[in-house]
Amino acid sequence: MARHVIAKVEEVDIGKSKLVKVAGRDIALFNVKGEFFAIANRCPHEGADLCRGQVVGLAEADEPGKVRMTRHGELIRCPWHGWEFDIRTGKSWCDPARTRVKSFDVSVASGGALAEGPYQAETFPVSIDEDYVVVEI
Amino acid sequence: MNHAVLDKDTKADAKLGIVDCDIHPAFGSPAELAKFLPVRWRDHLADYGQRSANPVVGTLPYPRMTPGNGMRRDAWPPNGGPPASDLAFLQEQLLDPLGIEYGILQPLAAGSSTLNQELGAAMCAAVNDWQLDKWTGPDPRLKASISVTQEDVPAALAEIEARIGDRSFAQIAIPPRTIEPAGRRRYWPIYEAAEHYDMPIGMHSAAYGQHANSGAGWLNFYIEEHYAFSHSLQSVVTSMVFEGVFERFPKLKLVVVEGGFAWAAPLMWRLDKQWERMRSEVPHVKRPPSDYIRENVWFTTQPIEEPENNRHLLDTLRWVGTDRLMFSTDYPHWDFDDPRFAFKVPLSPTERAQIFRDNAKRVYRLP
Ligand code: FES
């Protein structure tokens, strides 16, 4: 496992995503209500780029005509056939036991912490006070 | 829950050129088509618009998800315009990376479903010119469909005669929801011409047609309409078999586009059984229905049925016949299939070649 600095916190707004390449893998980084999550960019169905999908909530109904919207901004809908995945875990909404997208551990670290530690963020030497998104692979 | 999942990388077979039998080219703007219309019809369109049998003028009968009526969300060309309206981007996103050797264009311009049939004929002619000008001329991998007004048979025949010499056209396109069932005699001159010129008839399911999408009228939801595409094609196949079209035109080729295909196997079983019992009602149908279907009908693969257990897809493909199936992406629509991942089953190299290339090359007479 190594930690990789992949973005500045302010680069990815709430509800938005960013595609990053880390250790040869395409990873889709999401900002869900201020928290960061990262999943593999490839849909397990036919391989579409998940970072090009739509961030959505859930429409649920217990009976015809009674619809409620929940979990706003917490799911990513694949840009092709619309399979939905929980951005926090990579699990599919419909079949979480069998279908999932790989998810990665993400944290936010201050530039100072990064510069002092063993993970020198040498591309950002002038902005040592800012916060960075770090993914662990 | 029914999910087939990519568990390993399936490498694209780079050497196997693919024929994609269902690509939907779009107009960058309505003016693009108007350019190919005579002034009389351009003015008419400006004054009155184009009316089809759809319930709501100027829209599809059902709102589809995503911006732009059911498109892949990543298919919007960077230089503007709707999905599949920009040749360069279509080449970059579809033809080049997926190794598509030939792509059959299926324009959904509704000329054939226009209520004013003279306008419909003019629109079909314009769509045909437009395909040559914008698509097949600049990229010969693309092949056009001869759009015709099947309800005005003489006009359809004139359009076929006008285009038939140009090998940029690969098929004659008719929507499946015709005014009368597709096997009726009124349409036979079109089938006769198609057989005579060895040009397949492509029947593409779509929102357009002369009837509601179910026998009981308009369904409520898009999710129902999407499934109903296969109903109209089952009716087409059944009608053409029992009216004797394939008996009368034994070399006619019918391509069923975007209606699914798994249903074809039980349809054949059922029709054969009924024919054994009731063939005296249709004495002109001399052989079991499945004989005609296996000789005269081909199915494009999208939307592909995805059984809970992937292996069952293999059974289905073999029941229908891998010699009957022709791969299609349906680009740029949301239910697009990627040829690398669409069949998560262990097909033999011969079966793969049949489905992805060989059947289509033979049916469309592609070099
Ligand atoms: S590729 Fe993602 S849902 Fe099909």
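What share of the DSSP beta bridges in chain B is antiparallel, in percent to the nearest 5? Please list the in-between numbers first.
Numbers: 3 of 26 bridges.
In chain B, approximately 10 percent of DSSP beta bridges are antiparallel ones.
Quote the Stokes-Einstein diffusion coefficient, in whole µm² s⁻¹, for segment B:162-268, based on the Kirkwood radius over alpha carbon pairs, a temperature of 37 °C and a viscosity of 0.692 mPa s.
Estimated via Stokes-Einstein, D reaches 226 µm²/s.
Treating only the Cα positions of segment B:82-151 as identical point scatterers, give the base-10 log of I(q)/I(0) from the Debye formula at each q in 0.17, 0.23, 0.28 Å⁻¹.
-0.64, -0.96, -1.21
With just the Cα atoms of segment B:146-216, tell me how far they stretch along each of the three principal axes, in Å, largest first.
Result, largest extent first: 42, 23, 17 Å.
Using only the Cα atoms of segment B:227-286, what are the Rg and Dmax in Å?
That works out to 12.1, 33 Å for Rg and Dmax.
Please list log₁₀ I(q)/I(0) at q = 0.13, 0.15, 0.16, 0.21 Å⁻¹ for chain A, using the Debye equation with identical point scatterers on the alpha-carbon positions.
Evaluating at q = 0.13, 0.15, 0.16, 0.21 Å⁻¹ gives log10 I(q)/I(0) of -0.58, -0.73, -0.81, -1.20.
Where a ≥ b ≥ c are the square roots of the eigenvalues of the C-alpha gyration tensor, would you call chain B rounded, which needs a/c under 1.5, or, failing that, prolate if a/b is larger than b/c, or oblate?
rounded
Taking every DSSP beta bridge that has both residues in the protein assembly as shown, what percent is antiparallel when rounded to the nearest 5?
Values: 42 of 65 bridges.
That works out to approximately 65 percent antiparallel.
Rg and Dmax of the protein assembly as shown, Cα atoms, in Å?
Over the protein assembly as shown's Cα set, Rg and Dmax evaluate to 25.4, 90 Å.
Along the charge dipole of segment B:161-316, Cβ charges K/R +1 and D/E -1, which of B:Leu314, B:Tyr187, B:Gly209 sits furthest on the positive end?
So the residue furthest toward the plus end is B:Tyr187.
For segment A:1-90, what is the charge dipole size about the Cα centre, in debye to the nearest 20, if Lys and Arg each add +1 at the Cβ and Asp and Glu each add -1 at the Cβ?
300 debye
Taking loop as defined by DSSP and a crowding limit of 14 other beta carbons within 10 Å, which trypsin sites (Lys or Arg not before Pro) in segment B:102-191 fit?
Numbers: sites: B:Lys134, B:Arg141, B:Lys143, B:Arg163, B:Arg167, B:Arg177, B:Arg184, B:Arg185, B:Arg186; in loops: B:Arg141, B:Arg167, B:Arg177, B:Arg184.
Passing sites in segment B:102-191 are B:Arg167, B:Arg184.
The numbers here are math on the coordinates, done by the rules we state, and not lab data. Note that the coordinates shown come from a computational prediction; the quantities given were computed from them, not determined experimentally. Note that each Cβ is placed from the backbone with ideal geometry, even for glycine, and that neighbours are counted across all protein chains shown.
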